[in-house]
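The next block holds one structure in the form of structure tokens; read it before the comments.
Derivation of every value follows stated rules applied to the coordinates shown; laboratory data play no part. The model shown is predicted, which means the values in this text are computed figures rather than measured ones. Cβ: placed from backbone, ideal geometry, glycine included. Neighbour counts: every protein chain shown.
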Amino acid sequence: MRIGVITFPGSLDDRDAQRAISLAGAEPVALWHGEHDLHGVDAIVLPGGFSYGDYLRCGAIASHSPIMAEVIDAANKGMPVLGICNGFQMLVEAHLLPGGLIRNDHGKFVRRDQVIRVENNTTAWTTDFTAGEEIVIPLKNGEGGYIASDETLKQLEGDGLVAFRYMGVNPNGSLNDIAGLTNPRGNVVGLMPHPEHAVEAGFGPNTEVRMRSGVDGLKFFTSVLEGVLS
Amino acid sequence: MPTIVVEVMPKAELLDPAGKAVAGALARLGHTSFTNVRIGKRFELTVEGPVTDATLAQAQTIAEEILSNQVIEDVTAVFEAK
């Protein structure tokens, strides 16, 4: 299985995402924002970072990149797409997921190992989790406050489209503690925390067993692998 | 060159953390007459040739579809700069 990771000007975590894909047992494929070519990949990751310096709005300019035409087309045909942090912001700017992300309510950048609950384990990126499983992955953002109209929030909650919820601490003022969303089909998933930073012992969040041994993020990538193979 | 100005503001019902931070600074500096600050954006679009109803309409479309995100922001003005 080949999973594409798109690099935009200002992407930071594209190499981390590629490594996570390798560790999950798939082949990472580096894709470039300026091309109109997905190189035949089976799934796509929009990585974290600060594309275009967060100018205009986070993810806004990147969401109009040449390759996004192909991404939107592939997503609408059912290809698994995962947007992490800045990638999540791109997905809402591209209207593949509803709502918007604004500056953290406390006004500060936040970096913490964050507990989130997997609310929907039927998406392309979450089938390896159990329903309601609580996991710890790093969070790092300045504009991660999720907002949507009351009507949209009702629909998201009613249809089970809230994929992940912050537990313990709401780190950025997100409405309903929403950390991530899925589309109704379950192939497009976006979240602010970073699963690709919790895939390798020695470089993840602390656990009760050992420092930096958390690898809860790996299941995102093994989930999509199984979905495409089956 | 003729210029069209587009102004975009965060939706009134949403928290504007940047504006809140500035309001806090003003209060600390003793400018107590000002109770609230909201921060928006002003875009200046330079136009090739004269500004017509068509270019203004085009600017309105750009303002709504690209320069703002209607989920979190409102376009509050689109006009030709004098």
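Here are a few things to note about the model shown:
- Look at the stretch B:69-76: the mean tally of other chain Cβ atoms within 10 Å of its residues' Cβ atoms is 5.
- Against the main long axis of the alpha-carbon atoms of chain B, helix B:17-28 sits at an angle near 50°.
- Residue ranges A:103-112, A:215-224 sort as A:215-224, A:103-112 when ordered by packing (mean number of other C-beta atoms within 10 Å per residue, highest first).
- The distance from the alpha carbon centre of the stretch A:1-36 to that of the stretch A:70-84 is 14 Å, rounded to a whole number.
- Estimated from the Cβ-Cβ distance and a Förster radius of 41 angstrom, the FRET efficiency linking A:Leu175 and B:Phe79 is about 0.75.
- Other residues whose C-beta falls under 15 angstrom from the C-beta of A:Gly87 contribute a net charge of -4, scoring Lys and Arg +1 and Asp and Glu -1.
- Shielding score for B:15-26, defined as the mean number of other chain Cβ atoms within 10 Å: 3
- Here, the stretch A:2-229 is characterised by an Rg to Rh ratio of 0.93, where Rg is the alpha-carbon radius of gyration and Rh the Kirkwood radius.
- Averaged over the residues of peptide A:51-63, the number of Cβ atoms from other protein chains lying within 10 Å of each residue's Cβ is 2.
- Nearest-20 debye value, the stretch A:1-42 charge dipole, Cβ charges on Lys, Arg, Asp, Glu: 100
- Annotation: lysines with alpha-carbon distance below 30 angstrom to B:Lys20 (same-chain offsets under eight excluded): A:Lys108, A:Lys140, A:Lys154, B:Lys11, B:Lys41.
- Within straight-line reach of A:Lys219, meaning a Cα separation under 12 Å, sit the following aspartates and glutamates at least 8 residues removed in sequence or on another chain: A:Asp128, A:Glu133, A:Glu196, A:Glu200.
- Subtracting the Cα-Cα distance of A:Arg2 and A:Glu208 from their residue separation scaled by 0.36 nm leaves 70.8 nm.
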